[in-house]
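So the structure is just underneath, and the comments pick up after that.
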Amino acid sequence: MNNKVLLMTGASSDIGCKIISEVADEFDYIIAHHIGDDAKLANLKEQLGEKLILLYGNFLDEEGTYKFVEDVKNTGKIPTHIVHLPAGKYENIKFGKITWNKFNTDINIALRSLVIILNNFLPEMAKNKYGKIIVMLSSCTLNIPPKYVSSYVTTKYALLGLVKALSNEYADKGIQINGVSPSMMETKFLKDIPELIIQQNAANSPTGKNLSVDDVVPMFKFLLSEDANCITGQNMAITNGNIM
């Protein structure tokens, strides 16, 4: 096999930066998607040098998403591994007050972008009989979802459907496609959620706390490794002691 290349979308997220720092030694190159200047990614770039390639991509815009794919191709580094993390703004909105635009935004950022990316890179993976894809899902796909986040829940279920469909279609091509579903994880992604809800979620957990990035990254590391060659089509739960 040629170079191992990790393409990570949503790389400027807390978990994205942590995954990069943890798996950098396992890859020849890492292509990190971002939507703006980010101090953590800039620091990683200083540490990793040419191994880390930073690429801007506006997934809200369909044309911008295709441009991102072309920019990836222009690097000359074709992904062997893909981690997909993007999600729309996580906020509590009652269904009676939500608009189609919110659903459309969340779907475009998370689902449409992944479909376009995989349309372009899965055929090459299949040709090489090798590839690993991990999609960030959510524990909302495992049990009763929380209230007032209907667009988020709908998008995560759509992503789960794509994981299931493609894992079956590409199972005989040497490609493993899996999802990871953590329960509430304390990152900047929760910045628009009332603090009381975050505290209540922690109090209701058997561990008395919410997940941290450090609790979730090991699952990504495992699924990216050769130890996970026999695992595909799974929705891997990280539920902080809760039984789903």
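Summary of computed values
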quantity: Positive-pole candidate from TRP100, GLN199, ASN210, dipole of segment 5-238, charges at beta carbon; calculated: TRP100
quantity: Segment 113-244: translational diffusion in µm²/s, Stokes-Einstein, Kirkwood Rh over Cα pairs, 10 °C, 1.306 mPa s; calculated: 100
quantity: Pairwise centroid distance, computed over Cα atoms, of segment 13-90 with segment 173-244, Å; calculated: 20
quantity: Cα convex hull of the chain - mean projected area over all directions, nm²; calculated: 12.9
quantity: For the chain: relative contact order, % (alpha-carbon pairs under 8 angstrom, 6 or more apart); calculated: 19
quantity: Charged-residue dipole, Cβ positions (Lys, Arg, Asp, Glu), segment 1-151 about Cα centre, Debye nearest 20; calculated: 520
quantity: Where only alpha carbons of segment 84-185 are counted, the Rg and the Dmax (Å); calculated: 14.7, 48
quantity: Largest-first principal axis extents of the Cα set of segment 95-135 (Å); calculated: 48, 16, 9
quantity: Highest-fluctuation residue, ASN204, ASN168, ASN229 considered, GNM on the chain with Cα pairs under 10 Å; calculated: ASN204
quantity: Amide H within-cut-off set for ILE82, under 5 Å, with H built and near neighbours excluded; calculated: LEU7, LYS132, ILE133, ILE134
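Laboratory data are not the source of any read-out in this text; all were calculated from the coordinates shown. What you are looking at is a predicted structure, and each value in this text was computed from that prediction instead of being measured. Using ideal geometry, Cβ is built from the backbone for each residue, glycine included, and neighbour counts are taken over all protein chains shown.
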